[in-house]
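Here is the structure we will look at, set down as C-alpha coordinates.
The values are calculated or read from the model by the stated rules, or taken from the named source; none is laboratory data. The structure displayed is predicted, hence computed values, not measured ones. Positions of Cβ are generated from backbone atoms using ideal geometry, with glycine treated the same way; all protein chains shown enter the neighbour counts.
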Amino acid sequence: MHIETIEWSDGSAAARLKERNAEHGSKPDLVALHYACDINPADISALASEMATGLHAATSCKGSVTEGSHAPAPATAFCIWDAMGDYGTALASFDSQSPFDAGAQAASAALEAADRVGEMPDLVLVSATPGYEETVLQGIMSIVGQDVPIFGGTAADNTVSGEWRVSDGAAFHAQGVVVSVLFPSTKLHFAYHNGYEPSANQGQVTRSEGRKLIEIDGKPAAEVYHTWTGKSVLPNALGSEHNILAEATMTPLGVELGVQDGVGNYLLLHPAQLHADGSLGLFAEIPDGTILTQMTGDEQALAERAGRVAAQAVNVGSVAPQDVAGAYMIYCGGCLMAVEDRVSTILDGVRAALPGVPFQSAFTFGEQGQVRGVGNKHGNLMISCVVFTKLPN
(Lines give C-alpha, C1' and ligand atoms only; values in the text may rest on other atoms or scores of the structure.)
Protein backbone atom coordinates (compact mmCIF):
# COMPACT_ATOMS: atom_id res chain seq x y z
CA MET A 1 0.00 0.00 0.00
CA HIS A 2 1.12 3.50 -0.83
CA ILE A 3 -0.66 6.71 0.24
CA GLU A 4 -0.13 10.29 -0.87
CA THR A 5 -2.08 13.49 -0.39
CA ILE A 6 -2.70 16.29 -2.86
CA GLU A 7 -3.53 19.85 -1.82
CA TRP A 8 -4.49 22.47 -4.32
CA SER A 9 -6.16 25.84 -4.69
CA ASP A 10 -6.07 26.44 -8.45
CA GLY A 11 -7.97 23.49 -9.92
CA SER A 12 -4.75 21.70 -10.88
CA ALA A 13 -5.38 18.53 -8.87
CA ALA A 14 -6.29 16.42 -11.89
CA ALA A 15 -3.05 17.31 -13.63
CA ARG A 16 -1.05 16.62 -10.47
CA LEU A 17 -2.77 13.26 -9.95
CA LYS A 18 -2.06 12.35 -13.56
CA GLU A 19 1.62 12.98 -12.91
CA ARG A 20 1.51 10.77 -9.80
CA ASN A 21 -0.23 8.04 -11.76
CA ALA A 22 2.55 8.08 -14.33
CA GLU A 23 5.12 7.78 -11.56
CA HIS A 24 3.29 4.83 -9.96
CA GLY A 25 2.36 3.19 -13.26
CA SER A 26 -1.31 2.98 -12.27
CA LYS A 27 -4.29 4.99 -11.10
CA PRO A 28 -5.15 5.10 -7.39
CA ASP A 29 -7.59 2.51 -6.09
CA LEU A 30 -9.38 5.04 -3.87
CA VAL A 31 -9.36 8.81 -3.52
CA ALA A 32 -11.16 10.60 -0.70
CA LEU A 33 -11.71 14.24 -1.66
CA HIS A 34 -12.89 16.89 0.81
CA TYR A 35 -13.44 20.34 -0.60
CA ALA A 36 -14.93 23.76 0.14
CA CYS A 37 -18.49 24.25 -1.06
CA ASP A 38 -17.47 26.89 -3.63
CA ILE A 39 -15.11 24.60 -5.59
CA ASN A 40 -16.06 24.21 -9.26
CA PRO A 41 -17.73 20.79 -9.79
CA ALA A 42 -15.90 20.50 -13.13
CA ASP A 43 -12.60 20.30 -11.23
CA ILE A 44 -13.95 17.39 -9.20
CA SER A 45 -15.19 15.57 -12.29
CA ALA A 46 -11.77 16.04 -13.91
CA LEU A 47 -10.15 14.48 -10.85
CA ALA A 48 -12.50 11.49 -11.06
CA SER A 49 -11.35 10.82 -14.62
CA GLU A 50 -7.83 10.16 -13.29
CA MET A 51 -9.04 7.41 -10.95
CA ALA A 52 -9.46 3.69 -11.31
CA THR A 53 -12.56 3.60 -9.10
CA GLY A 54 -15.31 6.02 -8.09
CA LEU A 55 -14.32 9.17 -6.27
CA HIS A 56 -15.44 9.53 -2.62
CA ALA A 57 -16.10 13.26 -2.41
CA ALA A 58 -17.87 15.54 0.08
CA THR A 59 -17.82 19.19 0.98
CA SER A 60 -15.92 20.21 4.10
CA CYS A 61 -16.29 23.29 6.31
CA LYS A 62 -13.85 25.93 5.00
CA GLY A 63 -11.82 23.32 3.11
CA SER A 64 -9.57 20.57 4.44
CA VAL A 65 -5.96 19.95 5.43
CA THR A 66 -3.04 17.55 4.88
CA GLU A 67 0.29 16.98 6.56
CA GLY A 68 1.74 19.84 4.49
CA SER A 69 -0.93 22.43 5.30
CA HIS A 70 -0.57 25.61 7.28
CA ALA A 71 -4.29 26.44 7.05
CA PRO A 72 -7.36 24.82 5.47
CA ALA A 73 -6.93 24.46 1.70
CA PRO A 74 -9.90 24.73 -0.70
CA ALA A 75 -9.57 21.01 -1.42
CA THR A 76 -7.38 18.03 -0.56
CA ALA A 77 -7.25 14.46 -1.85
CA PHE A 78 -6.22 11.34 0.07
CA CYS A 79 -4.97 8.86 -2.53
CA ILE A 80 -4.49 5.12 -1.95
CA TRP A 81 -2.57 2.83 -4.33
CA ASP A 82 -3.05 -0.78 -3.25
CA ALA A 83 -2.83 -3.33 -6.06
CA MET A 84 -3.36 -6.24 -3.66
CA GLY A 85 -6.50 -4.75 -2.09
CA ASP A 86 -10.05 -4.18 -3.33
CA TYR A 87 -12.02 -0.95 -3.18
CA GLY A 88 -15.43 0.24 -4.35
CA THR A 89 -17.39 3.48 -4.14
CA ALA A 90 -21.04 4.33 -4.85
CA LEU A 91 -23.33 7.33 -4.55
CA ALA A 92 -27.05 7.34 -3.70
CA SER A 93 -29.61 10.12 -3.42
CA PHE A 94 -32.35 10.66 -0.82
CA ASP A 95 -34.58 12.25 -3.47
CA SER A 96 -36.31 9.06 -4.60
CA GLN A 97 -35.75 6.76 -1.61
CA SER A 98 -35.39 6.84 2.16
CA PRO A 99 -32.00 7.51 3.79
CA PHE A 100 -32.03 3.90 5.03
CA ASP A 101 -32.54 2.58 1.50
CA ALA A 102 -29.95 5.01 0.13
CA GLY A 103 -27.36 3.77 2.62
CA ALA A 104 -28.17 0.16 1.77
CA GLN A 105 -28.12 0.83 -1.98
CA ALA A 106 -24.78 2.66 -1.84
CA ALA A 107 -23.21 -0.07 0.29
CA SER A 108 -24.45 -2.80 -2.07
CA ALA A 109 -23.25 -0.94 -5.16
CA ALA A 110 -19.87 -0.23 -3.56
CA LEU A 111 -19.38 -3.95 -2.82
CA GLU A 112 -20.29 -4.72 -6.42
CA ALA A 113 -17.77 -2.15 -7.64
CA ALA A 114 -15.12 -3.83 -5.49
CA ASP A 115 -16.16 -7.25 -6.86
CA ARG A 116 -16.68 -8.43 -3.26
CA VAL A 117 -20.47 -8.88 -3.09
CA GLY A 118 -21.59 -10.73 0.04
CA GLU A 119 -18.32 -10.14 1.88
CA MET A 120 -17.55 -8.00 4.94
CA PRO A 121 -15.07 -5.19 4.25
CA ASP A 122 -12.40 -4.22 6.75
CA LEU A 123 -13.72 -0.66 6.77
CA VAL A 124 -16.53 1.44 5.33
CA LEU A 125 -16.10 5.15 4.66
CA VAL A 126 -19.30 7.21 4.65
CA SER A 127 -20.12 10.83 3.79
CA ALA A 128 -23.78 11.80 4.04
CA THR A 129 -25.59 15.11 3.96
CA PRO A 130 -26.95 16.32 7.34
CA GLY A 131 -30.09 15.12 9.05
CA TYR A 132 -30.33 11.35 8.70
CA GLU A 133 -26.96 9.96 9.66
CA GLU A 134 -28.26 7.37 12.15
CA THR A 135 -30.67 6.00 9.55
CA VAL A 136 -27.96 5.91 6.87
CA LEU A 137 -25.71 3.92 9.22
CA GLN A 138 -28.51 1.42 9.80
CA GLY A 139 -28.95 1.06 6.04
CA ILE A 140 -25.25 0.40 5.51
CA MET A 141 -25.14 -2.12 8.36
CA SER A 142 -28.10 -3.97 6.87
CA ILE A 143 -25.70 -4.90 4.05
CA VAL A 144 -22.27 -5.24 5.71
CA GLY A 145 -23.33 -6.30 9.20
CA GLN A 146 -23.07 -4.69 12.62
CA ASP A 147 -19.40 -5.42 13.27
CA VAL A 148 -17.70 -3.72 10.32
CA PRO A 149 -16.28 -0.35 11.44
CA ILE A 150 -17.89 2.61 9.66
CA PHE A 151 -16.02 5.90 9.72
CA GLY A 152 -16.72 9.24 8.11
CA GLY A 153 -18.11 12.71 8.44
CA THR A 154 -21.22 14.60 7.45
CA ALA A 155 -20.86 16.90 4.44
CA ALA A 156 -20.53 20.53 5.52
CA ASP A 157 -20.50 24.08 4.22
CA ASN A 158 -19.15 27.30 5.74
CA THR A 159 -22.29 28.76 7.31
CA VAL A 160 -24.79 25.89 7.90
CA SER A 161 -26.80 27.26 4.96
CA GLY A 162 -27.31 24.03 3.02
CA GLU A 163 -24.54 24.37 0.42
CA TRP A 164 -23.14 20.91 1.23
CA ARG A 165 -22.79 18.18 -1.41
CA VAL A 166 -21.70 14.56 -1.75
CA SER A 167 -20.36 13.23 -5.03
CA ASP A 168 -18.65 10.43 -6.94
CA GLY A 169 -17.32 12.88 -9.53
CA ALA A 170 -20.12 12.09 -11.99
CA ALA A 171 -23.12 13.31 -9.95
CA PHE A 172 -23.56 15.74 -7.07
CA HIS A 173 -26.30 15.45 -4.43
CA ALA A 174 -27.46 17.99 -1.84
CA GLN A 175 -29.39 15.14 -0.18
CA GLY A 176 -27.58 11.84 -0.36
CA VAL A 177 -24.69 9.63 0.67
CA VAL A 178 -21.43 8.35 -0.81
CA VAL A 179 -20.08 5.06 0.54
CA SER A 180 -16.72 3.35 0.00
CA VAL A 181 -15.87 -0.20 1.02
CA LEU A 182 -12.24 -1.04 1.73
CA PHE A 183 -10.56 -4.44 1.62
CA PRO A 184 -6.95 -3.25 2.06
CA SER A 185 -3.97 -5.56 1.78
CA THR A 186 -2.56 -4.14 5.02
CA LYS A 187 -3.81 -3.74 8.58
CA LEU A 188 -5.64 -0.65 9.81
CA HIS A 189 -6.42 0.77 13.25
CA PHE A 190 -8.74 3.53 14.41
CA ALA A 191 -9.88 5.81 17.24
CA TYR A 192 -13.06 7.86 17.77
CA HIS A 193 -13.17 10.33 20.66
CA ASN A 194 -13.95 13.88 21.76
CA GLY A 195 -12.00 16.72 23.32
CA TYR A 196 -14.34 17.54 26.22
CA GLU A 197 -14.55 16.79 29.94
CA PRO A 198 -17.70 15.74 31.85
CA SER A 199 -19.16 18.14 34.40
CA ALA A 200 -21.15 17.19 37.51
CA ASN A 201 -24.43 18.08 35.76
CA GLN A 202 -26.48 15.02 34.81
CA GLY A 203 -30.09 14.22 33.99
CA GLN A 204 -32.29 11.65 32.28
CA VAL A 205 -34.15 12.20 29.03
CA THR A 206 -37.81 11.83 29.93
CA ARG A 207 -39.26 12.98 26.61
CA SER A 208 -37.81 13.27 23.13
CA GLU A 209 -38.74 13.00 19.47
CA GLY A 210 -35.87 12.06 17.19
CA ARG A 211 -33.45 15.00 17.38
CA LYS A 212 -35.76 17.10 19.53
CA LEU A 213 -34.91 17.01 23.24
CA ILE A 214 -38.14 17.96 25.02
CA GLU A 215 -37.71 17.10 28.71
CA ILE A 216 -34.88 16.27 31.10
CA ASP A 217 -35.96 14.89 34.49
CA GLY A 218 -39.54 15.85 33.69
CA LYS A 219 -38.70 19.52 33.13
CA PRO A 220 -38.39 21.50 29.87
CA ALA A 221 -34.97 20.67 28.39
CA ALA A 222 -34.08 24.33 27.85
CA GLU A 223 -34.83 25.12 31.49
CA VAL A 224 -32.50 22.37 32.70
CA TYR A 225 -29.79 23.25 30.18
CA HIS A 226 -30.07 26.91 31.21
CA THR A 227 -29.53 25.91 34.85
CA TRP A 228 -26.49 23.83 33.87
CA THR A 229 -24.81 26.34 31.56
CA GLY A 230 -26.09 29.76 32.62
CA LYS A 231 -26.91 32.80 30.56
CA SER A 232 -23.81 32.55 28.36
CA VAL A 233 -25.43 29.82 26.27
CA LEU A 234 -29.18 30.42 26.40
CA PRO A 235 -30.77 33.88 26.28
CA ASN A 236 -32.53 35.19 29.38
CA ALA A 237 -35.98 34.93 27.82
CA LEU A 238 -36.99 31.34 27.19
CA GLY A 239 -40.08 30.86 25.08
CA SER A 240 -38.64 32.12 21.79
CA GLU A 241 -36.65 30.68 18.89
CA HIS A 242 -32.87 31.06 18.95
CA ASN A 243 -29.96 29.50 17.11
CA ILE A 244 -27.51 28.48 19.85
CA LEU A 245 -25.09 26.45 17.73
CA ALA A 246 -22.06 28.67 18.38
CA GLU A 247 -22.92 29.40 22.01
CA ALA A 248 -23.31 25.70 22.86
CA THR A 249 -20.05 24.53 21.26
CA MET A 250 -18.15 24.49 24.56
CA THR A 251 -21.03 23.01 26.59
CA PRO A 252 -22.47 20.08 24.60
CA LEU A 253 -24.35 17.11 26.00
CA GLY A 254 -22.64 13.75 26.38
CA VAL A 255 -23.77 10.13 26.55
CA GLU A 256 -21.28 7.83 28.28
CA LEU A 257 -20.62 4.74 26.19
CA GLY A 258 -18.24 2.99 28.55
CA VAL A 259 -14.77 3.29 29.98
CA GLN A 260 -11.62 3.03 27.89
CA ASP A 261 -8.15 3.10 29.45
CA GLY A 262 -9.75 4.10 32.74
CA VAL A 263 -11.50 7.16 31.28
CA GLY A 264 -15.17 7.56 30.38
CA ASN A 265 -15.81 7.64 26.64
CA TYR A 266 -18.62 10.02 25.71
CA LEU A 267 -20.59 10.43 22.50
CA LEU A 268 -21.41 14.13 22.12
CA LEU A 269 -24.66 15.80 21.04
CA HIS A 270 -24.58 19.45 19.95
CA PRO A 271 -27.56 21.63 20.94
CA ALA A 272 -28.28 23.76 17.90
CA GLN A 273 -31.68 25.36 18.40
CA LEU A 274 -33.72 26.68 21.31
CA HIS A 275 -37.41 26.24 20.47
CA ALA A 276 -40.25 28.37 21.76
CA ASP A 277 -41.78 25.40 23.61
CA GLY A 278 -38.67 24.99 25.76
CA SER A 279 -37.24 22.06 23.80
CA LEU A 280 -33.79 21.86 22.24
CA GLY A 281 -32.96 20.83 18.68
CA LEU A 282 -29.87 18.63 18.45
CA PHE A 283 -27.63 17.45 15.61
CA ALA A 284 -28.16 13.81 16.63
CA GLU A 285 -30.99 11.60 17.85
CA ILE A 286 -31.57 11.11 21.57
CA PRO A 287 -33.89 8.33 22.83
CA ASP A 288 -35.95 8.48 26.01
CA GLY A 289 -34.22 7.10 29.09
CA THR A 290 -30.75 8.28 28.05
CA ILE A 291 -28.59 9.69 30.84
CA LEU A 292 -27.09 12.99 29.71
CA THR A 293 -24.00 14.67 31.08
CA GLN A 294 -23.24 18.30 30.39
CA MET A 295 -19.71 18.43 28.95
CA THR A 296 -17.19 21.26 29.05
CA GLY A 297 -14.45 22.23 26.64
CA ASP A 298 -11.94 24.96 25.91
CA GLU A 299 -10.10 26.07 22.81
CA GLN A 300 -6.70 24.72 23.78
CA ALA A 301 -8.03 21.25 24.62
CA LEU A 302 -9.95 21.05 21.34
CA ALA A 303 -6.92 22.12 19.33
CA GLU A 304 -4.66 19.58 21.03
CA ARG A 305 -7.14 16.70 20.92
CA ALA A 306 -6.63 15.84 17.24
CA GLY A 307 -3.02 14.86 17.88
CA ARG A 308 -4.03 12.75 20.86
CA VAL A 309 -6.67 10.88 18.85
CA ALA A 310 -4.11 10.22 16.10
CA ALA A 311 -1.72 8.88 18.73
CA GLN A 312 -4.48 6.65 20.15
CA ALA A 313 -5.15 5.17 16.72
CA VAL A 314 -1.47 4.26 16.39
CA ASN A 315 -1.22 2.95 19.95
CA VAL A 316 -4.23 0.65 19.50
CA GLY A 317 -2.17 -1.44 17.11
CA SER A 318 1.20 -0.76 18.75
CA VAL A 319 2.41 0.42 15.35
CA ALA A 320 5.77 2.09 14.85
CA PRO A 321 5.60 5.42 12.95
CA GLN A 322 7.68 3.99 10.09
CA ASP A 323 5.02 1.31 9.57
CA VAL A 324 2.19 3.82 9.02
CA ALA A 325 1.32 4.41 5.37
CA GLY A 326 -1.20 7.19 5.98
CA ALA A 327 -4.03 8.47 8.16
CA TYR A 328 -7.57 9.64 7.36
CA MET A 329 -9.03 12.03 9.93
CA ILE A 330 -12.36 13.67 10.64
CA TYR A 331 -12.54 16.81 12.81
CA CYS A 332 -15.80 18.53 13.69
CA GLY A 333 -16.50 21.70 11.69
CA GLY A 334 -18.13 23.30 14.73
CA CYS A 335 -14.93 22.74 16.70
CA LEU A 336 -12.91 24.17 13.80
CA MET A 337 -14.97 27.37 13.81
CA ALA A 338 -14.41 27.66 17.57
CA VAL A 339 -10.63 27.23 17.31
CA GLU A 340 -9.95 28.57 13.83
CA ASP A 341 -7.04 30.67 15.06
CA ARG A 342 -5.39 27.52 16.44
CA VAL A 343 -5.27 25.40 13.27
CA SER A 344 -1.48 25.33 13.53
CA THR A 345 -1.83 23.66 16.95
CA ILE A 346 -4.16 21.03 15.46
CA LEU A 347 -1.74 20.28 12.64
CA ASP A 348 1.36 20.30 14.81
CA GLY A 349 -0.25 17.78 17.17
CA VAL A 350 -1.11 15.38 14.36
CA ARG A 351 2.32 15.76 12.76
CA ALA A 352 3.94 14.98 16.13
CA ALA A 353 1.80 11.84 16.51
CA LEU A 354 2.39 10.79 12.88
CA PRO A 355 5.88 12.03 11.99
CA GLY A 356 6.47 12.00 8.26
CA VAL A 357 3.11 10.34 7.60
CA PRO A 358 0.71 11.64 4.92
CA PHE A 359 -2.68 12.48 6.40
CA GLN A 360 -5.88 14.27 5.47
CA SER A 361 -8.53 15.81 7.72
CA ALA A 362 -11.98 17.00 6.74
CA PHE A 363 -14.11 19.37 8.86
CA THR A 364 -17.61 17.99 9.13
CA PHE A 365 -21.10 18.67 10.55
CA GLY A 366 -21.36 15.26 12.22
CA GLU A 367 -18.90 12.45 12.81
CA GLN A 368 -19.35 8.70 12.47
CA GLY A 369 -17.12 6.06 13.98
CA GLN A 370 -16.98 2.78 15.83
CA VAL A 371 -16.70 2.57 19.59
CA ARG A 372 -15.19 -0.74 20.58
CA GLY A 373 -17.70 -2.93 22.36
CA VAL A 374 -20.56 -0.57 21.48
CA GLY A 375 -20.76 -0.32 17.70
CA ASN A 376 -20.99 2.33 14.99
CA LYS A 377 -22.29 5.69 16.19
CA HIS A 378 -23.12 9.15 14.89
CA GLY A 379 -22.12 12.05 17.12
CA ASN A 380 -21.24 15.72 17.12
CA LEU A 381 -18.08 17.62 18.03
CA MET A 382 -16.09 14.38 17.68
CA ILE A 383 -12.69 13.50 16.21
CA SER A 384 -11.78 10.27 14.47
CA CYS A 385 -8.65 8.81 12.91
CA VAL A 386 -8.12 5.72 10.76
CA VAL A 387 -4.49 4.66 10.43
CA PHE A 388 -3.48 2.59 7.40
CA THR A 389 -0.33 0.55 8.00
CA LYS A 390 2.27 -1.07 5.78
CA LEU A 391 1.91 -4.34 7.67
CA PRO A 392 0.31 -7.30 5.83
CA ASN A 393 -3.31 -7.97 6.66
Discussion item. If I filter the range 89-126 down to residues being under 20 Å from the mean Cα position of the chain (by Cα) and over 20 Å from GLN146 (Cβ atoms), which single residue comes out as surrounded by the fewest Cβ atoms within 10 Å (Cβ to Cβ)?
Written reply: SER93
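Can you name the residue in the range 274-299 that is small (Gly, Ala, Ser) and touching a residue at least 40 places away in the same chain (Cβ under 8 Å) and, of all such residues, is surrounded by the fewest Cβ atoms within 10 Å (Cβ to Cβ)?
The extreme case among them is GLY289.
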Discussion item. Just to be sure I understand the filter: pairs with C-beta atoms under 9 Å, separated by 6 or more residues or on different chains, first member in the range 214-229 and not assigned by TED's automatic domain parsing to the domain that holds ASN201, second member surrounded by fewer than 21 Cβ atoms within 10 Å (Cβ to Cβ) and of a type in the set (Val, Ile, Thr). Which pairs pass?
Written reply: none
Fill in: Subset of the range 195-208 that is closer than 21 Å to ALA221 by Cβ and under 24 Å from the mean Cα position of the chain (by Cα) - its residue that is surrounded by the fewest Cβ atoms within 10 Å (Cβ to Cβ)
PRO198
Worksheet item: Being of a type in the set (A, V, I, L, M) and under 30 Å from ILE286 (Cβ atoms), is that true of even one residue in the range 59-79?
Response: no
Response to the item:
Listed by first then second residue, the pairs whose first member lies in the range 337-357 and is surrounded by fewer than 19 Cβ atoms within 10 Å (Cβ to Cβ), whose partner is assigned to a helix (DSSP H, G or I) and of a type in the set (A, V, I, L, M, F, W, C), with beta carbons under 7 Å and at least 6 positions apart or on separate chains, are ARG342/ALA303; THR345/ALA303
Worksheet item: In this structure, is GLY210 farther than 26 Å from VAL339 by Cβ, modelled with pLDDT of 90 or more and out of contact with any helix residue (DSSP H, G or I) (no Cβ under 6 Å at 6 or more places or on another chain)?
Response: yes
Discussion item. Please go through the range 127-172 and give me each residue that is among the hydroxyl-bearing types (Ser, Thr, Tyr) and surrounded by fewer than 16 Cβ atoms within 10 Å (Cβ to Cβ), ordered by number.
Written reply: SER142, THR159, SER161
Worksheet item: Would a scan of the range 45-56 turn up a residue that is more than 22 Å from ALA113 (Cβ to Cβ) and assigned by TED's automatic domain parsing to the domain that holds ASP115?
Response: no
Fill in: Within the range 6-28, tally of residues that are buried (at least 22 other Cβ atoms within 10 Å of the Cβ) and either modelled with pLDDT of 95 or more or assigned to a strand (DSSP E or B) (or both)
1
Worksheet item: Looking only at the range 176-188, which residues are surrounded by fewer than 24 Cβ atoms within 10 Å (Cβ to Cβ) and under 20 Å from LEU137 (Cα atoms)?
Response: PHE183
Worksheet entry | Condition broken by ILE80, with the remaining ones in (1) over 16 Å from VAL386 (Cβ atoms); (2) outside any loop (DSSP other than H, G, I, E, B); (3) not aromatic (Phe, Trp, Tyr) satisfied | (1)
Practice prompt. Go through the residues of the range 300-317 one by one and say whether even a single one is without any contact (Cβ under 8 Å) to a residue 24 or more places away in the chain and polar (S, T, N, Q).
Written response: yes
Discussion item. Taking the criterion of being farther than 29 Å from ASP341 by Cα and either buried (at least 24 other Cβ atoms within 10 Å of the Cβ) or among the β-branched types (Val, Ile, Thr) (or both), would at least one residue in the range 57-79 satisfy it?
Written reply: no
Practice prompt. Considering (1) modelled with pLDDT of 95 or more; (2) surrounded by fewer than 22 Cβ atoms within 10 Å (Cβ to Cβ); (3) outside the structural domain of SER108 (by TED's automatic domain parsing); (4) assigned to a strand (DSSP E or B), say which one LEU257 fails and leave the rest.
Written response: (1)
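Please go through the range 241-254 and pick out each residue that is of a type in the set (A, V, I, L, M), crowded, with 23+ Cβ neighbours inside 10 Å and part of a loop (DSSP other than H, G, I, E, B).
Of everything in the range 241-254, just one residue is of a type in the set (A, V, I, L, M), crowded, with 23+ Cβ neighbours inside 10 Å and part of a loop (DSSP other than H, G, I, E, B), namely ALA248.
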